[in-house]
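Trainee: Pasting a structure here, questions to come.
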Amino acid sequence: MESSINYKKTQKKVRREAQSHTHIRRKSSSSASSSSWCCSFKSPPKSPEALSLSKATTPPRKSATPDTTLSKSLSSFPNSPQSVKSSLGIVGRIDPRRILSPGRVSPIDSEPSADEAVRIRNAIAVPEEVATSAAVGSAQALNLTDLVRGEERVCNGADDGGGGGGGGDERLVFDVRLNLKGKRGGCLALELNSEVLCENSSIFADLVADCRKKAGGSGLSLCRIEVPEVDNLGVFRETIELMFEDDITKKLLKMGAYRAIDILEVSANVKFRRGILSCLKYLEAVPWTEEEEEKLRRLFSKCKFDDATSREILARLDFQDSVSLQQNLPTRLIWSITACKNGKARNELKSLVKGLLCRSSVYEKDNLDIKKEDLYAIAISCLSSLGALFEEACRPTPQDQADMKDSNRPSLESISWQVDNITWLIEILLERQIAEEFVEIWADQKELARMHSIASPMIRYELSRISATLFIAMGTRKLHCQAELRFGLLCSWFSPMLVDFGWLQRCRKGLDIRQLEEAMGQTLLTLPLKQQYEMFMEWFRCFSKHGAECPNLSKAFQVWWRRTFLRGS
């Protein structure tokens, strides 16, 4: 009894140890398998997960049976690029056991069975003639086929109502093969109906007639026509397609003006009359961009179109009999701007016309220019108006009307408006490098200089704005004139500039004060040293009295001092 109890205890102990060893073996085996699969490039151990991978790594054995050959030709990974891009165009089935997760893909093989392999082989064995006839029968007549880089697709079928001799619902016979050779490589083959082609293009009508004449007059043979050196194969094909359309304008609306110009050029080359008229009618009715306008101008310089619509387009491109008008137009524009009384509109028009008359403008034309005499005539007219306004503003008011508002007295706005016109004209003269004479004209304005001394500070500083424009041009090397003219300008307007500088700082009106100070100093340094001495002494006295109300010419004064007294040291 006691021995049997000991025996049972021993058996239980043995079973527990066996179970623990078995558990340890399974755990170690699982960890080893996982380690080998994840961290080694060796083939993984045989397991349900690595079954297909082990099959793929082992060399395939040769088999004489077609089922085995077909199954081996399909990749063991149905979702791999090799199986998807197979020469048979067959996508393998994905096994439902296959686990597709973001982290990994379980390579479970899903090779087709023997029955499936036979069925696939039978599907592949479809006769080539049957497949070709099915493809031809499904294509439509007007889906014109292209031969690009050696890949050809043949189109046939019924016409779906194309115009230009398409024949309504009757079937078209594609008896012309049109081979197009691109100028930059590539080719295009179109199979067309000779009746539609000849009816729309006299060029192709002659080519088809010559081809049939060489073939012995047989109308059943395929006529082959080749067009070399084609600039744009796509545009040529679209032009041919329009021959089969009833409403060409509707197609042009979808293409746009830029493409319509290309089609117009091809239509003119092949003498496609209907296409030419439709393109001209469409282009005349739509606005153009600058690029489209230049492209259309180049086309009309190469091709001649005998149609009323083409004359309307030419009228939009070229201004006929307008030499005298173009010569007078800039002058008329400038006169209009100087007479404009709306400040905002005047500033907008000044920027516009100045940009058009600029030497570097893309709009500059050889015959669209303004003469120097016309510009100076306008400038002198503005100076005369400014002098009249100042004379009226400086006229003494009678004592009995001192407290009454004189409605005839010119406003500050009128004087400022004329000064703006003059400074704008100076900018145009400077850009054309013909402003030297204006320096002399402004230096001789003795009457304006006299009225400056008696005028109110609220209006007299406007005259110094004109002087500031000339000083800045000289100091920045944009205006070159003789020493006598520079000295005359400084003698007339340097003192008024010192007096008005405080007002210029408060009412800048676009004036750069720091640039003005620098330019005044540089202009003074262009004079002889003796003349510089007179000007700098006057500035020194004014600056010592008024300080910040006077321009700071300290840098230029130091240069003058060094050049005068320290040359020998």
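Trainee: Any chance you could get the radius of gyration and Dmax over the Cα atoms of the stretch 236-277, in Å?
Mentor: Just the Cα atoms of the stretch 236-277 yield Rg and Dmax of 9.0, 23 Å.
Trainee: Here's something else I'd like to know. Three principal axis extents, largest first, for the C-alpha atoms of the stretch 485-569, in Å?
Mentor: Projected onto the principal axes, the Cα atoms of the stretch 485-569 cover 44, 27, 21 Å.
Trainee: For the peptides 536-543, 272-279, 335-342, 257-264, what is the packing order when you average, over each peptide's residues, the other Cβ atoms within 10 Å and list the highest mean first?
Mentor: Highest to lowest by the protection proxy: 272-279, 257-264, 536-543, 335-342.
Trainee: With every protein chain kept in place and ligands, DNA and RNA left out, what is the accessible area per residue of the stretch 278-317? Probe 1.4 Å, answer in Å².
Mentor: Values: 2450 Å² over 40 residues.
Here the per-residue accessible area is 61 Å².
Trainee: Kindly give the semi-axes, whole Å and largest first, of the ellipsoid equivalent to the stretch 200-284, taking each as the square root of 5 times a Cα gyration tensor eigenvalue. If you can, show how the numbers build up before the last one.
Mentor: Values: eigenvalues 155, 33, 22 Å².
Result for the stretch 200-284: semi-axes of 28, 13, 10 Å.
Trainee: With the full set of protein chains in place, find how many percent of the accessible area of the stretch 491-542 is carbon and sulfur; take the probe as 1.4 Å. Could the numbers behind the result be given before it?
Mentor: Numbers: 1350 of 2460 Å².
Answer for the stretch 491-542 is 55 percent, counting heavy atoms of protein chains only.
Trainee: While we're on this one: Accessible area per residue, 1.4 Å probe, Å², for the stretch 409-545: what's the number?
Mentor: Working: 6170 Å² over 137 residues.
Ligands and nucleic acids excluded, the result is 45 Å² per residue.
Trainee: Can you give the convex hull volume of the alpha carbon atoms of the stretch 247-348 per residue, in Å³? Intermediate values should be presented prior to the final figure.
Mentor: Numbers: hull volume 14.1 nm³, N = 102.
Hull volume over Cα atoms, normalised by residue count, gives 138 Å³.
Trainee: Can you list residues whose amide H is under 5 Å from L180's amide H, if they're 5+ apart or on another chain and H is modeled 1.01 Å from N?
Mentor: Answer set, sorted by chain and number: L188, A189, L190, V227.
Trainee: Roughly to the nearest percent, how much of the accessible area of the stretch 414-479 is carbon and sulfur, given a 1.4 Å probe?
Mentor: On the way: 1140 of 2410 Å².
Heavy-atom surface of the stretch 414-479 belonging to carbon and sulfur, 1.4 Å probe: 47 percent.
The values are calculated or read from the model by the stated rules, or taken from the named source; none is laboratory data. The structure presented is a predicted model; accordingly, all values stated were derived computationally and were not measured. All Cβ positions, glycine included, derive from the backbone under ideal geometry; neighbour counts span all protein chains shown. The protein model used for the area step is the full one, side chains on, heavy atoms only, and it has no ligands, DNA or RNA in it. Shrake-Rupley method; radii C 1.70, N 1.55, O 1.52, S 1.80 Å.
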